[in-house]
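Any read-out appearing in this document is the output of simple, stated calculations on the displayed coordinates, not a laboratory observation. Note that this is a predicted model, so its numbers are computed, not measured. Note: ideal-geometry Cβ built from the backbone for every residue, glycine included; neighbour counts use all protein chains shown.
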Amino acid sequence: MKKYCSEFIGTFFLVFAGTGAIIINDLTGGQVTHLGVALTFGLVVMVMIYSIGNVSGAHMNPAVTLGFLMSGRLEKQQIFPYIASQFLGAMCASLTLRLLFLSHPDLGTTIPSGSLFQAYVMETLLSFLLMFVILNISTNTKEKDLIAGVVVGATIALEALFAGPITGASMNPARSLGPALVSGHLQYVWIYLTAPVLGAILACPICRLIKGSECCPVIKKDTLPLTYF
């Protein structure tokens, strides 16, 4: 139960801080700035990894959870409670933001500004890169443990910096579904529910191809879930 509570808390604050930064930026005439929004997403992921990573692995993302299933680092029976906890955390965060910012129309919902094809391909590639980095940084060595949060947070900030204006740089079905459901903007949510999962799953065989068993080592059941720590 501690793992699932941790995933709820981690995803709650990911959505609360990240989409909250978008909302506040809109309402204050751009005072947070695009750079500030990107850094907020990266920083909140970083601090949550260091806070709950040793409890649940700090997935905070259903696509990452499914990626770890594909890589053999998570047992099948943990998938539903992990993902349910993440979606519930995202929903509660968006409901909290709705109470705080009643006038905001979309609560930071991810809406593509280009074509649907462009958005789908970009979200798939962004999620591929994120999962590829996570698989390579989470090898259970002391040196990588110490920098895991910084590397993963920096990856998210990097992707949000250059791709945010086009797709919202979600890379996370929970992050997109929470604001979409609460604000009622569901037209494009299918992109953000499927493309991140596709990208995360594709990262697993590519990582194995490049690094072999070092990418996704066989892990004993009593050590699961192993992700960043």
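Compute the distance from the alpha-carbon center of the stretch 8-22 to that of the stretch 60-134, in whole Å.
First find each Cα centre; the distance between them is then 11 Å.
Taking neighbour counts of Cβ atoms within 10 Å as a proxy for exposure, in what order, fewest first, do C92, C204 appear?
Ordered by Cβ neighbours within 10 Å, fewest first: C92, C204.
Taking a ≥ b ≥ c as the square roots of the Cα gyration tensor eigenvalues, with a/c under 1.5 meaning rounded and otherwise prolate when a/b beats b/c, else oblate, which class fits the stretch 1-124?
Here the stretch 1-124 falls in the prolate category.
Over the Cα atoms of the chain, how large are the radius of gyration and the largest Cα-Cα distance (Dmax), in Å?
Rg, Dmax (Cα atoms, Å): 16.4, 51.
I'd like the Karplus ³J(HN,Hα) series for the stretch 77-93: coefficients 6.51, -1.76, 1.60, θ = phi - 60°, whole numbers in Hz, and an x wherever there's a Gly or Pro.
With coefficients 6.51, -1.76 and 1.60, one gets 5, 8, 4, 4, x, 4, 5, 4, 5, 5, 5, 5, x, 5, 4, 5, 5 Hz.
For the chain, what does the relative contact order come out to in percent, with C-alpha contacts under 8 Å and a separation of six or more?
Relative CO of the chain lands at 32 percent.
So what is the relative contact order for the stretch 1-66, in percent, with contacts set as C-alpha pairs under 8 Å and at least six apart?
47 percent
Work out, in µm²/s and without decimals, the Stokes-Einstein translational diffusion coefficient of the stretch 54-111 at 4 °C, 1.567 mPa s, Rh from Kirkwood over C-alpha pairs.
It diffuses with D of about 99 µm²/s by this estimate.
Can you work out ³J(HN,Hα) from phi for every residue in the stretch 169-185, in order, using Karplus 6.51 cos²θ - 1.76 cosθ + 1.60 and θ = phi - 60°, giving whole Hz and x for Gly and Pro?
6, 6, 6, 7, x, 5, 4, 7, 5, x, x, 5, 5, 5, 8, x, 9
Which one of G18, G42, A84 is farthest out on the positive end of the charge dipole of the chain, using unit charges on Cβ (Lys, Arg +1; Asp, Glu -1) and the Cα centre as origin?
Comparing the listed Cα positions along the dipole, A84 ranks first.
Per DSSP helix of 4 or more residues, -39500 (n - 2.57); summed, then divided by the residues of the chain. What does that give at 222 nm, rounded to the nearest 500?
When only DSSP H runs of four or more count, the value is -24500 deg cm²/dmol.
Can you list the HN-Hα couplings for the stretch 26-31, worked out from phi with the Karplus curve (6.51, -1.76, 1.60; θ = phi - 60°), rounded to whole Hz and with x for Gly and Pro?
Residue by residue, the stretch 26-31 yields 5, 6, 10, x, x, 5 Hz.
Nearest 20 debye, what's the magnitude of the dipole of the chain about its Cα centre given +1 on Lys and Arg Cβ and -1 on Asp and Glu Cβ?
The calculation lands at about 520 debye.
Can you sort R73, R175, R208 by how many other beta carbons sit within 10 Å, fewest first?
With the fewest neighbours first, R73, R175, R208 line up as R208, R73, R175.
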